[in-house]
Amino acid sequence: MAMNGETAAFAGRRHRRRPVMAEINVTPMVDVMLVLLIIFMVSAPLLTVGVPLDLPQTQAKTLDQDKEPLTVSVNANGQVYLQNTEIAKVMGRISAAGFRRVALVTESEQQASAH
């Protein structure tokens, strides 16, 4: 019986643990943030310093470029036109000519008739 009494007392002590501390110590994080703030405040003005450049002047004139964009049209019958000229395989010819980036803009018939 003495053994059972001792184990009961021992078991009671075993369950009386301190509760888990749920607080986080933020002091180290605040210290690191203040150090980083000071570093950035000191280094920020140093980053805006530029290097003076003496670029050469040129006498070349601007290139004459076509102001009219290239127009590709498709009518209701499926006929394809390039600048008002019918072409059967437009995309094949455009890519064969060396153009790799082609953008197509579409208009509905109502918008086209309004112009």
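Just to be sure, is GLY50 part of a helix (DSSP H, G or I) and at pLDDT below 80?
no
Tell me, which residue of region 85-99 that is under 13 Å from LEU70 (Cβ atoms) and in a loop (DSSP other than H, G, I, E, B) is modelled with the lowest pLDDT?
ILE87
Hey, among the residues in region 10-29 that are exposed (fewer than 10 other Cβ atoms within 10 Å of the Cβ) and aliphatic (A, V, I, L, M), which one's modelled with the lowest pLDDT?
So the residue we want is ALA11.
At negative phi and either assigned to a helix (DSSP H, G or I) or modelled with pLDDT of 80 or more (or both): which single residue out of VAL102, VAL32 fits that description?
So the residue among VAL102, VAL32 that is at negative phi and either assigned to a helix (DSSP H, G or I) or modelled with pLDDT of 80 or more (or both) is VAL32.
Enumerate the pairs (first residue in region 74-86 and surrounded by 11 or more Cβ atoms within 10 Å (Cβ to Cβ); second residue anywhere and in a loop (DSSP other than H, G, I, E, B) and at pLDDT 75 or above) with beta-carbon separation below 6 Å, excluding pairs fewer than 6 apart on the same chain, so at least 6 apart or on different chains.
GLN83/THR71; GLU86/GLN79
The values are calculated or read from the model by the stated rules, or taken from the named source; none is laboratory data. Please read all numbers here as calculations on a predicted model, not as lab measurements. With ideal geometry, Cβ positions are generated from the backbone for all residues, glycine too; neighbour counts draw on all protein chains shown.
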